1. Outside any helix (DSSP H, G or I), within 29 Å of the chain's Cα centre (by Cα), more than 24 Å from residue 124 (Cβ to Cβ) and not assigned by TED's automatic domain parsing to the domain that holds residue 125, is that true of residue 301?
2. How many residues does the stretch 223-253 hold that are in a helix (DSSP H, G or I), under 29 Å from the mean Cα position of the chain (by Cα) and over 17 Å from residue 403 (Cα atoms)?
3. Is it fair to say residue 141 is closer than 27 Å to residue 57 by Cα, surrounded by fewer than 20 Cβ atoms within 10 Å (Cβ to Cβ), in contact with a strand residue (DSSP E or B) (Cβ under 8 Å, 6 or more places away or on another chain) and without any contact (Cβ under 8 Å) to a residue 60 or more places away in the chain?
4. Any chance the stretch 121-138 includes a residue that's closer than 24 Å to residue 427 by Cβ, surrounded by fewer than 18 Cβ atoms within 10 Å (Cβ to Cβ) and modelled with pLDDT of 95 or more?
5. When the residues of the stretch 91-119 are narrowed to those that are under 15 Å from the mean Cα position of the chain (by Cα) and in contact (Cβ under 8 Å) with a residue 60 or more places away in the chain, which ends up surrounded by the fewest Cβ atoms within 10 Å (Cβ to Cβ)?
6. Could you list, in sequence order, the residues of the stretch 327-347 that are exposed (fewer than 13 other Cβ atoms within 10 Å of the Cβ), within 30 Å of residue 288 (Cα to Cα) and either outside the structural domain of residue 384 (by TED's automatic domain parsing) or modelled with pLDDT under 75 (or both)?
7. Check 318, 370 and return the single one that is closer than 20 Å to residue 260 by Cα and in the same structural domain as residue 259 (by TED's automatic domain parsing).
């Protein structure tokens, strides 16, 4: 048997197999159903989904390839051995992605080419590293699965005229498999020189013809980023979990401990108190108050929020066991700020010792000294310690997380550009960007606030 793919526009494939539990709540079917039901994904949102179903078929590899067109159009009921599914979105914008390629779009525009539509594989509006394929029970991610899924991506790209594909916040495993399974046939140095000569002969704004190069020759390029991840490990005590927040503070340098304690005092001195609620203990009134705060984070920038109250209510109904809400109240007991977290269940078989708290959505009704740090970080740290969670991922960006004990870690994104004239320059950009990010992570690591016996080892590959 060999692998083949089918292109599907809905989620009816979910009933065709038993699927492994996802590595994060954001790849759960409930989370994606909430996105779909509330219009966060779909044509009107500019996130049009296609699902690439990888499945096993009878016959030799050559027989399967010869029949590929027929199999892609086969009825779902005829697919008897589902293996994996990878979501791909057809997009005409960059919103809700957190990995930025605006300069690439500008380069296309300068030469009269369309950068849109483009294809994206990610969890919409969610810069959290994790799996990007759903796997059937008994399956494991392999290079053959990735190659087959990418063949499906290429098919979609040809049908819609996409400039490229972008896989965002993928795991290190997926990144390595994808890059190694799709080696480039392009000599980057020679191609870059040829590209410069070719583009230099064209006036800015004049169209350039698409070269006759097959898609399979295009490489998969990698970009790397940096986010900050807290680890529930006391290195001076054989990496034991922290017993309480003070135990964590004891691992920091004295000056940093003093700063954090001062920030927490500032919150209470303003007459503000905080509390945490989980799952079904969060009331409808709590959700209303949270959403009011959440909307304010966009309103101050003159923007409309991506997600609706109905979306959050849908999560409350379908996956309450993964939700924690931190609230801040003024002296009158009125909610003035809220921060919403999702988390893995530490006792779940699928998460083992990697159970993680994810800081996702925050908002406040006004400006309050140090309240953001309290509600988005310190409340999360206390909760992770109480629940025995191994990690706390507070979200993208923010060097202010670094000085509060969050360790710099590598993020990965994959990029497949279909016009070979742009591949050399973009490949060169990605290479230089990886070098820069490696230097940045080293510098960030050197600025960590831990005392000597709790300083983790720097690993350039993590």
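The values are calculated or read from the model by the stated rules, or taken from the named source; none is laboratory data. Please read all numbers here as calculations on a predicted model, not as lab measurements. Counting neighbours? That spans all protein chains shown, and the Cβs are built from the backbone with ideal geometry, glycine included.
1. no
2. Of the residues in the stretch 223-253, 1 are in a helix (DSSP H, G or I), under 29 Å from the mean Cα position of the chain (by Cα) and over 17 Å from residue 403 (Cα atoms).
3. Yes.
4. Keep residues of the stretch 121-138 that are closer than 24 Å to residue 427 by Cβ, which gives 121-122, 127, 129, 132.
Next, from what is left, pick out any that are surrounded by fewer than 18 Cβ atoms within 10 Å (Cβ to Cβ): none.
No, the stretch 121-138 contains no residue that is closer than 24 Å to residue 427 by Cβ, surrounded by fewer than 18 Cβ atoms within 10 Å (Cβ to Cβ) and modelled with pLDDT of 95 or more.
5. This residue is 95.
6. Those that are exposed (fewer than 13 other Cβ atoms within 10 Å of the Cβ), within 30 Å of residue 288 (Cα to Cα) and either outside the structural domain of residue 384 (by TED's automatic domain parsing) or modelled with pLDDT under 75 (or both): none in the stretch 327-347.
7. Being closer than 20 Å to residue 260 by Cα and in the same structural domain as residue 259 (by TED's automatic domain parsing) holds for just one of 318, 370, which is 370.
Per-residue answers, yes or no, for (1) within 30 Å of residue 110 (Cα to Cα); (2) at pLDDT 95 or above; (3) touching a helix residue (DSSP H, G or I) at 6+ places or on another chain (Cβ under 8 Å):
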{"position": "380", "(1), (2), (3)": "no, yes, no"}
{"position": "383", "(1), (2), (3)": "no, yes, no"}
{"position": "394", "(1), (2), (3)": "no, no, yes"}
{"position": "399", "(1), (2), (3)": "no, no, yes"}
{"position": "402", "(1), (2), (3)": "no, no, yes"}
{"position": "417", "(1), (2), (3)": "yes, yes, yes"}
{"position": "421", "(1), (2), (3)": "yes, no, yes"}
